[in-house]
Amino acid sequence: MVLREIYARSILSKSQVFDYVVNPYIGCQHNCVYCYARFMRRFTRHKEPWGEFVDVKINALALLKHEIDKRPPGRVWVSGECDPYQPLETTYELTRRSLEILIQYGWPITVQTKSPLVLRDIDLLRRNDKVEVGLSVTTADDGVRKLFEPGTPPIKGRIEALEELRLANIRTYAMIAPMLPGAERLADQLNGKVDYVLVDRMNYHYGDWVYRKHHLEYAMSHDFFFSKGKELASAFTEQGIECRVLF
Ligand code: SF4
């Protein structure tokens, strides 16, 4: 793993999903084979494969303090491209300290991660009722998780994290995206642990070779996404959980 400490030019960027996005890290130790953010490698001058480098924006906090005073308030996505709670966050704490600033200003925040490390910041997150936290949970099968997301924490811990966040009165959502084989079993496991669910199909085919190598081609088909997406949506609706299918 190659780590570089860099000075970024800005940190509070406009986003097409929310008003703003904050990415303290470029690169991701979670190393998902389907990751769409791997296109960013081109802009970093890294020769290492995706998953084997991270640029750490060590001036992120100074930039955020400067930029937040100049912008109108809006919802901030933490983070849009690279996981804000990847393992090196335990050392740098740039996500935590960015959240401290955003919460001090009372801005709405949407946190999105694959890591239960977010629980470390529960004290902070519960101070603002405009915070929501989403965990990406792509399958109920931890064997499948290891094939597609080799650097990520186990599924069980992510589901337990959602439960703990919700018990702390923080709004939670599960991002079942991309739907991987075994995703259909998530409705039972997430019952009572989330306020809403987002479901999406695989849109980026960087991970095709993993499907082929493990004879999982059926799970790349339109039939798989449409039938399993429909099953998930009706199971969540029956539980009274809002479910948005994004395809
Ligand atoms: S956790 Fe997200 S950003 Fe990190 S490799 Fe996986 S998909 Fe990409």
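The values are calculated or read from the model by the stated rules, or taken from the named source; none is laboratory data. The structure presented is a predicted model; accordingly, all values stated were derived computationally and were not measured. All Cβ positions, even for glycine, are placed from backbone atoms using ideal geometry, and neighbour counts span all protein chains on display.
Here are a few things to note about the model shown:
- Of the helices (runs of 4 or more DSSP H) contained entirely in region 169-247, those carrying at least 2 residues that are closer than 29 Å to residue 125 by Cα fall at 186-190, 222-238.
- Among the residues making up region 58-77, those that are within 20 Å of residue 7 (Cβ to Cβ) and in contact (Cβ under 8 Å) with a residue 24 or more places away in the chain are 58, 59, 60, 61, 63, 64, 65, 67, 68.
- Test: residue 112 is part of a strand (DSSP E or B) and either basic (Lys, Arg) or within 12 Å of the ligand (Cβ to nearest atom) (or both): yes
- When region 67-91 is filtered for residues that are assigned to a helix (DSSP H, G or I) and within 16 Å of the ligand (Cβ to nearest atom), the ones remaining, listed by number, are 89, 90.
- Filter result for residue 25 (under 22 Å from residue 177 (Cβ atoms), in contact (Cβ under 8 Å) with a residue 60 or more places away in the chain and surrounded by fewer than 16 Cβ atoms within 10 Å (Cβ to Cβ)): no
- The number of residues in region 87-112 being of a type outside the set (Ser, Thr, Tyr), farther than 21 Å from residue 198 by Cβ and in contact with a strand residue (DSSP E or B) (Cβ under 9 Å, 6 or more places away or on another chain) comes to 7.
- Residue list for region 221-235, restricted to those being of a type outside the set (Gly, Ala, Ser) and surrounded by fewer than 17 Cβ atoms within 10 Å (Cβ to Cβ): 222, 223, 226, 230, 231
- Condition met for residue 90 (of a type outside the set (A, V, I, L, M, F, W, C), out of contact with any Leu (no Cβ under 6 Å at 6 or more places or on another chain), surrounded by fewer than 19 Cβ atoms within 10 Å (Cβ to Cβ) and assigned by TED's automatic domain parsing to the domain that holds residue 14): yes
- Looking across region 37-66, the residues that are assigned to a loop (DSSP other than H, G, I, E, B) and either at positive phi or within 15 Å of the ligand (Cβ to nearest atom) (or both) come down to 44, 45, 46, 48, 49, 50, 51, 52.
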